[in-house]
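Before any comments, here is the structure.
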Amino acid sequence: MNTARIVVLTIAVGAGGIAAYLASGSDQKPAPSIPVAAPPVQTIDVLVAKSDIPLGQTVGPNDVQWQVWPAGTVSSQFIRRNERPDAATQIVGSIARSPFIAGEPIRELKLVKADGSGFMAAILPSGMRAISTEISPETGAGGFILPNDRVDVILTKRDRNADARKSADPMNAEIILSNVRVLAIDQTIEDKNGQKVVVGKTATLELKPEQSETLARARQSGTLSLALRSLADATAATEAVNEDHRRRDSINVVRFGVSTPTTTNQ
């Protein structure tokens with residue numbers, strides 16, 4: 001066998017060995033990585049609303065519950081079980097001065113004691129006034145008006161000049177307040193046609209100072225009725241109070257030495 005043939009054979013054997021080694025190495029799978037366990041998350045029980053609690057509702061024992069929260073996200077205003085284990089029963093009977101949504105942590109800044117004298121002042125927005133007016137089933141939308149509803153206040157009165165103008169309708173009606181919020185309404189259960197019905201006799205409205213004056217004057221001049229507005233109007237901006245003639249100021253007109261109170265439009 002000559003030298004050239006030996007060299008070629010040697011190279012071929014060596015190349016085959018290298019190829020076999022590389023092929024066997026590519027089939028090997030990498031060693032599986034060992035998962036690192038995440039550090040345990042510190043948790044704490046927080047008192048939350050079990051269901052929606054609207055403004056003005058009394059908190060009952062079934063309205064709140066304890067819920068696990070990550071300790072790192074718990075605010076100092078939240079009620080913690082390790083600090084106040086009896087808080088779930090202690091706040092029962094309180095009234096929500098702001099609404100809660102289901103799952104929201106209970107904060108005592110949004111609650112007021114039902115027997116507190118400042119409940120109405122607590123839920124009344126800054127700059128607004130609370131004023132009450134008498135209503136009946138006929139003037140209060142048949143008892144369907146509830147707190148947080150929006151209403152229009154309608155004044156019905158007799159036209160003193162109807163005879164002079166020979167008017168066929170001596171009664172006038174006008175909207176004196178529009179899109180105002182009902183803060184509270186007292187309700188009693190009465191029998192009507194053999195059925196129990198809820199009837200409110202006094203409605204407390206949320207008004208601006210000038211609107212309070214308008215309502216106070218209107219109560220002395222005629223009958224007030226509340227017209228219930230649609231829920232679609234709940235987020236609408238409060239409309240101006242009778243832009244051209246509903247807002248009135250009292251003045252005294254002196255004629256022949258006699259002072260007579262009257263009103264004038266602005």
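The values are calculated or read from the model by the stated rules, or taken from the named source; none is laboratory data. This is a predicted model, so every value here is computed, not measured. Heads up, the Cβs are rebuilt from the backbone with ideal geometry, glycines too, and the neighbour counts pull from every protein chain shown.
General observations
- G143, sole failed condition from (1) surrounded by 17 or more Cβ atoms within 10 Å (Cβ to Cβ); (2) over 30 Å from V68 (Cα atoms); (3) at pLDDT 75 or above: (3)
- Within this structure, T58 passes the test of being at pLDDT below 85 and in the same structural domain as R80 (by TED's automatic domain parsing).
- Any hit, region 22-31, residues being at pLDDT 70 or above, hydrophobic (A, V, I, L, M, F, W, C) and either exposed (fewer than 13 other Cβ atoms within 10 Å of the Cβ) or under 30 Å from E206 (Cα atoms) (or both): no
- Subset of region 68-87 (residues that are surrounded by 15 or more Cβ atoms within 10 Å (Cβ to Cβ) and either at pLDDT 90 or above or in the same structural domain as P147 (by TED's automatic domain parsing) (or both)): W69, F78, I79, R80, R81, A87
- Members of region 63-90 found to be of a type in the set (S, T, N, Q), within 24 Å of the chain's Cα centre (by Cα) and outside any helix (DSSP H, G or I), listed by number: Q65, Q67, S75, S76, Q77
- Residue pairs whose Cβ atoms lie under 7 Å apart, separated by 6 or more positions or on different chains, with the first residue in region 192-216 and farther than 20 Å from R181 by Cβ and the second at pLDDT 60 or above and part of a strand (DSSP E or B), are V199/Q187.
- Selection within region 91-106 - part of a loop (DSSP other than H, G, I, E, B), touching a Lys or Arg at 6+ places or on another chain (Cβ under 8 Å) and surrounded by 13 or more Cβ atoms within 10 Å (Cβ to Cβ): G93, R97, S98
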